[in-house]
Amino acid sequence: MALTGCHYHHSPTCSSAAVGLNSRCSDLHRRAPSQLSSLALISPNMTNSRIISTRPTSCYGSTTSFLSVRCESTLTAAEREEARATAGRRRCSPFLEKRLLSGTGLESDEWTSVADIWRSSAEKYGDRVAVVDPYHHPPTTLTYKQLEQEILYFAEGLRMVGMEPREKLALFADNSCRWLVADQGSMAMGAVNVVRGTKSTTEELLQIYNHSDSTALAVDNPELFSRIVGTFCTKEATVKCVILLWGEKPCLSDFGIEGLPVFTYQEIIDLGQESYRALSDSIHTRSMYVHETISSDDVATLMYTSGTTGNPKGVMLTHRNLLHQINNLWDLVPAEPGNRFLSMLPSWHAYERASEYFIFTRGVEQVYTTVMRFKDDLKRYQPHYIVSVPLIFETLYRGIQKQIHSKSMLRKVVELALIRVSLTYVEMKRIYEGMYLTPKEQQPSHIAALLDWLCARMIAAILLPLHMLAKKVVYSKFHSDIGIRKAAISGGGSLPSHVDRFFEAIGVNLQNGYGMTETAPVTAARRLNHNVLGSIGHPIRHTEFKIVDAETDESLPPGTKGIVKVRGPQVMKGYYKNPRATEKVLDKDGWLNTGDIGWIAPHHSIGRSRNCGGIVVLEGRAKDTIVLSTGENVEPLEIEEAAMKSNLIHQIVVIGQDQRRLGAIVVPNKEAALLAAPMASTEDADAAALTKDQLTRLIYDELCTRTTDCTFQVGPVLVIDEPFTIENGLLTPTMKIRRDRVAAKYERQIDNLYK
């Protein structure tokens, strides 16, 4: 790592304070931060002066540290102004630190930065539990008041170790209460945090660190630090200091840390607490700083896109972008004080991040969990809401299906039959309530609409007793296993229709939202009282959608499929250091090209879609479109969703660019193959003993069955053993398949497939 030299700073009005301070700074560095904060060296000729601020500061990556010593003596007004001019600038959140800014004219009664929310929440919900983090050491529970104090102290601690406003702090860590404190603490003192999780490769973390121009590093634990430090050293990344969120210094690898200031989380908190209390207690101390306030248009964070195609890009999100989410998500999630959220997504994921900020303004208790403990914690904590990606709901769906198929034949047949009844019942209910999607711009005649309504009402009335029986006898057990009391909100990817319909049938409220990292992220979502399946709901407040022709960029009428564009206060400032990429997606009028294909439901006054007008429907990614050599355009999502209904298929990617027909790369479910092989007349029921050809035939037949109703059919199939994972680089950290990397990895096999 590149390290810069140590230096010492003092006010010119007390230059004699330098006496003795130019001695070896390395002695200071060896001291604990608590010792540094109380250390002051005073020259004998300073008898009429007194120390009003001692400031330990990291030496910008050197082996040493320095003190800023400011003294107050018998000064004239002019001398005081001169001293103040040379003092440090203190950038802060105007509402969060309103008390310290009192009398400066900079205090505010409104939120202008994200960190301002913590003062409001501490005042409203002070003693309520805000976060529960049971799986880190030590396990942590914080009230809203305690959380506000931790954030203030962490912000001040960053100032104490030399972090400057607008500098970049790379925050490479996973979901935890300390991640939240580090995130909000850095925002509160005007820095920009650059976020990523621990599962990213070392090369990706280094690329993000260097590209973002980060100057300091906060890491999750000693294991992550030990993994990345060698690469960071050999590539000469410039690091002022490292902050260890969890764990202790003795656990760190010795390689690369010589000469690198390392602070634990508690050391940062202690430094900040001491300094913040000094500021609170002394007007003189506060007067030695030039205070500035954070603007809503300042960049709050850099979030690097998942990169399903190509390298990640740094999305610049401002405080205004994120505050829009905080102020407008209440319409989607009517959370109340005392409600409980279960948090499992990475905190650096835009969807999870905006949701967390929002719920903390509503007095909600957030419990942190992990992927491994998620199912158990659903039962244990019985959350009112969860926010997650489609893969989690697919996993829950598969778990219930597996549970059903493990029962006796009679019980299995009965439960599957009742589920079919419920699926039909809720579909009929959607029809007579006018919440059944149709892209047709012309509405039906009054007679046709009336007959349609009567037919749906009659069928629903006949099926209602069986549906109610299923709710009492079967679905209550599912609800107990799932544990969600009010609603689950899916986002960050396409929600498969069969999963959507299943949860509606068993009575679990599953909302679907839409957005991108570039939009902070939510732009549209289904409301609990208007939950139209197959859609992403209406745009959220202050947000506009339009559908344009991919060739001409002209606006298209409702019901016509085209490229989705969005505009609103949540749209990013741009891509960091990448104006060309910004210009490609963001026009001069503020419209962001999402790259998604979709349509807007027409407004009908009668018929089965009379209550669907203005709802947005997505049908895939424009850049995922496969163009066959016949000139036909294929959206793979339709086929992949149909295929994923099968228990035999664990993962699938449809291929066929520039080929005459479609193909597929499939990761099979070996357990399901073991059960399905005898029924498929396969000679050997042992999945481990199935030949490649037998397994491929089994998968091919299943694909043909599942995709019968799709516009295009799949031809050759490549069955592989290795699943797509984050670790092997074939899944993004947000669990989306990287199509380009899958195609590149299996390029030779794909070529052979089409020979």
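Below are the figures for this structure:
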quantity: Amide H contacts of LEU731 (H built 1.01 Å from N, under 5 Å, at least 5 apart or other chain); calculated: THR725, ILE726, ARG738
quantity: Extension reserve of the GLU107-HIS284 stretch, reckoned as 0.36 nm per residue once the Cα distance is removed; calculated: 61.9 nm
quantity: Helical mean residue ellipticity (222 nm; -39500 (n - 2.57) per DSSP H run of 4+; nearest 500) of the chain; calculated: -10500 deg cm²/dmol
quantity: Residues in segment 717-739 reached by a label modelled at ASP751 [backbone nitrogen below 18 Å; 7 Å Cα→Cβ]; calculated: 718
quantity: Rotationally averaged projected area of the chain (alpha carbon convex hull; nm²); calculated: 36.7 nm²
quantity: Local net charge near ARG380, Cβ-Cβ under 14 Å (Lys/Arg +1, Asp/Glu -1); calculated: +1
quantity: Relative exposure of LYS477, LYS240, judged by other C-beta atoms within 10 Å (fewest first); calculated: LYS477, LYS240
quantity: The chain: antiparallel DSSP beta bridges as a percent of all, rounded to 5; calculated: 55 percent
quantity: Theoretical gain in end-to-end length, CYS251 to GLU619 [0.36 nm per residue, Cα-Cα removed]; calculated: 127.6 nm
quantity: Subset of LYS235/LYS577; LYS561/LYS745; LYS477/LYS670; LYS375/LYS645; LYS692/LYS755; LYS313/LYS588 violating a 23 Å alpha-carbon distance limit; calculated: LYS561/LYS745; LYS477/LYS670
quantity: Neighbour net charge for ASP281 - beta-carbon separation under 12 angstrom, K R +1, D E -1; calculated: +2
quantity: Pair ASN728, ALA743: separation of 7 Å Cα→Cβ label points (nm); calculated: 1.9 nm
quantity: Sequence ranges 156-163, 174-181, ranked by mean other-Cβ count within 10 angstrom, highest first; calculated: 156-163, 174-181
quantity: Per-bin percent of Cα-Cα distances, segment 490-580 [5 Å]; calculated: 3, 13, 18, 19, 20, 14, 8, 4, 1, 0
quantity: Kyte-Doolittle mean at least 0.5, axial Cα span of 18 Å or more - DSSP H helices of the chain; calculated: 222-234, 409-432, 446-470
quantity: Segments 583-594, 407-418 sorted - mean Cβ within 10 Å per residue, highest first; calculated: 583-594, 407-418
quantity: Projected label distance in nm at ALA581 and THR708, using a 7 Å step from Cα toward the beta-carbon; calculated: 4.5 nm
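Computed from the coordinates by the stated procedures, all read-outs in this text should not be read as laboratory data. Owing to the predicted nature of the structure, the values given are computational and were not obtained by experimental measurement. Quick reminder, even Gly has a Cβ in these numbers, built from the backbone with ideal geometry, and neighbours come from all protein chains shown.
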